[in-house]
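Student: Pasting a structure here, questions to come.
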Amino acid sequence: MSTITHIVILSSIALVLGALILGSARTVRAFLQARGKRLIICPESHCAAAVELDAVGAGIKAFQGGNYLCLKDCSRWPELKDCAQDCLTEVEALGPRCLVRNVVAGWYRDKSCVFCHKPLGDVADWTGHLPALLTPDSKTMTWDEVAPEKLPEVFATHQAVCWSCHIAETFRREHSDLVTDRPARW
C-alpha cells in the first residue's frame with residue numbers, strides 16, 4: 001500500500017473515532033441531565049407530582065444528534081398513564097431546579113434545627129448525614145421517607161431538624177428507659 005492510502009485510512013479512522021467520542025460525550029451529558037426524580041405541578045390536576053424522565057432514551061437520542069424528553073414514570077400513573085405529558089414543558093423550563101434533591105436542598109438552605117438552632121446550610125455540607133423533619137406530633141423522620149409528591153405539603157407542616165438531633169430524638173423515642181434528662185447547670 002502506498003503512503004497516501006495509509007494517510008487516507010488513518011484520517012478516516014481518526015474522523016470516525018472523533019465522531020464517536022463527540023457522540024459519547026453528548027450521550028453521557030444527556031443521560032446524566034435526564035436522571036433523577038423531579039417535582040412538578042401537574043397541568044391536569046394542578047397538584048404536585050413526581051416524575052422521572054427516560055434517561056436512556058435521552059442519551060440514545062443525543063448520540064444521534066437530537067433531543068428527547070419523555071416520561072419514564074409519574075406518581076399519577078397508572079391511572080393517567082396515557083396523559084399528554086404536558087408537564088414536560090415545566091420540566092424543560094425549570095431544568096435542574098425541579099429535581100427533588102434541589103427542591104429539598106432549597107427548603108433546608110435557610111433553616112436552622114428546631115432543637116439546637118444550628119444552621120443546616122447547603123446540601124454540599126451534609127456529607128451523608130441528611131437533615132430530618134419534626135412532625136406535628138413531635139416525632140422526627142428523614143425527608144426521604146416522604147413520597148416526593150407529598151414534600152410540598154410536608155414542608156408546610158413540619159420543621160427542620162439536624163442529623164445529630166434527629167438521631168438523639170430517635171434514640172430518646174425508641175429507648176426512653178435508657179435516657180435520663182438532667183437540667184442544665186448554667
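The values are calculated or read from the model by the stated rules, or taken from the named source; none is laboratory data. Note that the coordinates shown come from a computational prediction; the quantities given were computed from them, not determined experimentally. Note that we place each Cβ from the backbone using ideal geometry, even for glycine, and neighbour counts take in every protein chain shown.
Student: What number of residues within segment 102-133 are among the hydroxyl-bearing types (Ser, Thr, Tyr) and either assigned to a loop (DSSP other than H, G, I, E, B) or more than 24 Å from Glu169 (Cβ to Cβ) (or both)?
Tutor: Summing the residues that are among the hydroxyl-bearing types (Ser, Thr, Tyr) and either assigned to a loop (DSSP other than H, G, I, E, B) or more than 24 Å from Glu169 (Cβ to Cβ) (or both) in segment 102-133 gives 1.
Student: In segment 59-91, what count of residues is obtained for those that are part of a loop (DSSP other than H, G, I, E, B) and within 18 Å of His46 (Cβ to Cβ)?
Tutor: Kept after step one, since they are part of a loop (DSSP other than H, G, I, E, B), are these residues of segment 59-91: 64-70, 75-86.
From what is left, the residues that are within 18 Å of His46 (Cβ to Cβ) are 75-77, 79-80, 83-86.
Within segment 59-91, residues that are part of a loop (DSSP other than H, G, I, E, B) and within 18 Å of His46 (Cβ to Cβ) number 9.
Student: Related question: Among Val154, Val114, which is farther than 29 Å from Pro43 by Cα, surrounded by fewer than 19 Cβ atoms within 10 Å (Cβ to Cβ), among the β-branched types (Val, Ile, Thr) and not assigned by TED's automatic domain parsing to the domain that holds Ala50?
Tutor: Selected residue: Val114, the only one of Val154, Val114 that is farther than 29 Å from Pro43 by Cα, surrounded by fewer than 19 Cβ atoms within 10 Å (Cβ to Cβ), among the β-branched types (Val, Ile, Thr) and not assigned by TED's automatic domain parsing to the domain that holds Ala50.
Student: Considering only segment 46-99, how many residues are surrounded by fewer than 16 Cβ atoms within 10 Å (Cβ to Cβ), of a type in the set (D, E, K, R) and closer than 15 Å to Phe31 by Cβ?
Tutor: Looking only at that region, the number is 1.
Student: Please specify each residue of segment 134-170 satisfying the condition of being assigned to a helix (DSSP H, G or I), under 18 Å from the mean Cα position of the chain (by Cα) and without any contact (Cβ under 8 Å) to a residue 24 or more places away in the chain.
Tutor: Asp144, Glu145, Val154
Student: Turning to a different aspect of this structure: Taking the criterion of being under 30 Å from Cys70 (Cβ atoms), in a loop (DSSP other than H, G, I, E, B), in the same structural domain as Arg76 (by TED's automatic domain parsing) and in contact (Cβ under 8 Å) with a residue 24 or more places away in the chain, would at least one residue in segment 92-101 satisfy it?
Tutor: Within segment 92-101, none of the residues are under 30 Å from Cys70 (Cβ atoms), in a loop (DSSP other than H, G, I, E, B), in the same structural domain as Arg76 (by TED's automatic domain parsing) and in contact (Cβ under 8 Å) with a residue 24 or more places away in the chain.
Student: Okay, next question. Answer yes or no as to whether Glu174 is modelled with pLDDT under 90, more than 29 Å from Ile41 (Cα to Cα) and not hydrophobic (A, V, I, L, M, F, W, C).
Tutor: yes
Student: Report yes if Ile40 is in a helix (DSSP H, G or I) and not assigned by TED's automatic domain parsing to the domain that holds Gly121, otherwise no. Break it down into steps so the answer makes sense when it comes.
Tutor: Values: in a helix (DSSP H, G or I): no; not assigned by TED's automatic domain parsing to the domain that holds Gly121: yes.
No, not satisfied.
Student: I'm checking my understanding of the structure. Among residues of segment 157-186 that are of a type in the set (Gly, Ala, Ser) and surrounded by 12 or more Cβ atoms within 10 Å (Cβ to Cβ), which one is farthest from Gly36 (Cα to Cα)?
Tutor: Narrowing segment 157-186 to residues of a type in the set (Gly, Ala, Ser): 160, 164, 168, 176, 184.
Narrowing the set further to residues that are surrounded by 12 or more Cβ atoms within 10 Å (Cβ to Cβ) leaves 160, 164, 168.
Details: Ala160: 23, Ser164: 27, Ala168: 31 Å.
Looking at the filtered set, the residue picked out is Ala168.
Student: Only one residue in Val100, Val104 is closer than 20 Å to Gly36 by Cα and touching a Phe, Trp or Tyr at 6+ places or on another chain (Cβ under 7 Å). Which one? Walk me through how you get there before you give the answer.
Tutor: Details: Val100 fails: touching a Phe, Trp or Tyr at 6+ places or on another chain (Cβ under 7 Å).
Exactly one residue qualifies, and that residue is Val104.
Student: Take the residues in segment 26-66 that are in contact with a strand residue (DSSP E or B) (Cβ under 7 Å, 6 or more places away or on another chain) and among the acidic types (Asp, Glu), then tell me which one is modelled with the lowest pLDDT.
Tutor: Here the residue is Asp54.
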